[in-house]
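Every read-out reported here was derived from the displayed coordinates using simple, explicitly stated rules and does not represent laboratory data. Given the structure is predicted, the values throughout are model-derived calculations rather than measurements. Counting neighbours? That spans all protein chains shown, and the Cβs are built from the backbone with ideal geometry, glycine included.
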Amino acid sequence: MTAAIQLPGRDDGSGGSGPLVIPAPGWAASYPPPVSRRVFAAAHVAAADAETIDWEATLRFRDHLWAHGFGVAEAMDTAQRGMGLSWDLAKELIARSAARAASASGGVLAGGAGTDQLADGESYPIPRIIDAYSEQMAFVQSAGAGVIVMASRALAASARGPGDYLEVYGELLRQAERPVILHWLGEAFDPALRGYWGAAEFGAAAEVVLELISRFGGKVDGVKLSVLDAGREVALRRRLPAGVRLYTGDDFGYAELIRGDAQGHSDALLGAFAAITAPAAAALAALDRGDLAGYDAAMAPTVPLSRAIFEPPTYDYKVGVAFLAWLNGFQPRFAMLGGLQRRRPARHLIRVFELAAAARALTDPELAVERMNGLAATFAAPERV
């Protein structure tokens, strides 16, 4: 069923401000996990207020991701690690999601292990950083989840060069019970990670990662690369040894990177998947069938939406993910830990709404219109929330 809405400050493309018509999405209610690509959605947390997680809504959203064939990447930056989600809350989130995954049919779960027990802005001895990482890795493994080794602000602030990174990650890989995903998070997502891997230049940093994999290749499932540069991703992907995946974290260029070329493709671990779940699942199902036109038709319209959600300042992208989850009925209120939903202005939310309609990412158009009308009534002007 279609729906229509009159949005404040909207230009319909002809200089006018006519109503926006939202089409029925037309996607299936669920999709099996794809077989041609391995895909994870980095999930957000639904908040009851600025300080409290709405656990039922949070877990229900994970059910939605599993039902559409995605693995869940838990307690990552999408869930506001370092921006409202403490390690204590992350432990509870991982434990609850692991229990939920055990009750879901084939629910795949991987959890982020980092060092956020350590305060930001300080330098630490390398053994202390290893201990912090080890504590988190042990917890994730005890929950039965796969491990994603997150980038560490403490390590970025403390390392003297590539050797410290190789020491820390080498010890973690020795402790890994099964192959892990290494998360290379660029400074656009977290400015505190500038110069990660002990090198300011991407090529030099890539050499450190490749050296680590050459030493411990059997312990590395893949590298999740989030630097928003498709050319750099392809270059690294082509140098990875057989059996080591490149999980795209490029929320601007994922459509072509997942589609791939004659020399290979990227798998994916994306926060964008939490915003474009149904059309992305339909696209991946088409890819499994060898239907490249169907893949492009479903996935291509999601790219402008994702680029808007991840526009600078990129680290505020979580607002768009929570906004669409609320519009689609997966949480009762548009709220985030720390009141983060106020970090994006009204004009941004209006644009995200328009692009979500164009991508058929609004799964219940009537509900989305009802909720957007209510929110729009609170806008003092399109420039403010």
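Structure summary
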{"read-out": "Computed [θ] at 222 nm, helices only, for the chain once each DSSP H run of length n ≥ 4 contributes -39500 (n - 2.57)", "value": "-12500 deg cm²/dmol"}
{"read-out": "Along the chain, longest interval not containing exposed GluC sites (Glu not before Pro), exposed being DSSP loop plus at most 11 other Cβ atoms within 10 Å", "value": "202-382"}
{"read-out": "For the chain, built as a Gaussian network whose Cα springs stay under 10 Å, the top-fluctuating residue of GLN117, GLN136, GLN331", "value": "GLN117"}
{"read-out": "Region 155-239: C-alpha gyration tensor shape, a/c 1.5 cut-off, then a/b vs b/c", "value": "oblate"}
{"read-out": "Rough spin-label spacing in nm, given labels placed 7 Å along Cα→Cβ, for ALA4 and ARG289", "value": "3.2 nm"}
{"read-out": "Per principal axis, descending, Cα span of region 239-344 in whole Å", "value": "45, 29, 21"}
{"read-out": "Positive-end residue of LEU228, PHE310, THR2, charge dipole of the chain with Cβ unit charges", "value": "THR2"}
{"read-out": "Cβ-Cβ FRET estimate between GLU167 and ALA242, R0 fixed at 45 Å, reported to 0.05", "value": "0.95"}
{"read-out": "For region 52-209: span of alpha carbons on each principal axis (Å, largest first)", "value": "44, 32, 27"}
{"read-out": "Pairwise label distance in nanometres, GLU370 with GLU51, each label 7 Å out on the Cα-Cβ vector", "value": "3.1 nm"}
{"read-out": "Where the Cα pairs of the chain fall when distances are cut into 10 Å bins, in %", "value": "5, 24, 34, 25, 10, 2, 0"}
{"read-out": "Shape category assigned to region 319-367 from the gyration tensor of Cα positions, a/c cut at 1.5", "value": "oblate"}
{"read-out": "Extension gain, ALA99 back to ALA230 (0.36 nm per residue minus Cα-Cα distance, nm)", "value": "43.6 nm"}
{"read-out": "Rough spin-label spacing in nm, given labels placed 7 Å along Cα→Cβ, for GLU177 and ALA119", "value": "3.4 nm"}
{"read-out": "More than 20 Å apart - percent of Cα-Cα pairs taken over region 18-127", "value": "49 percent"}
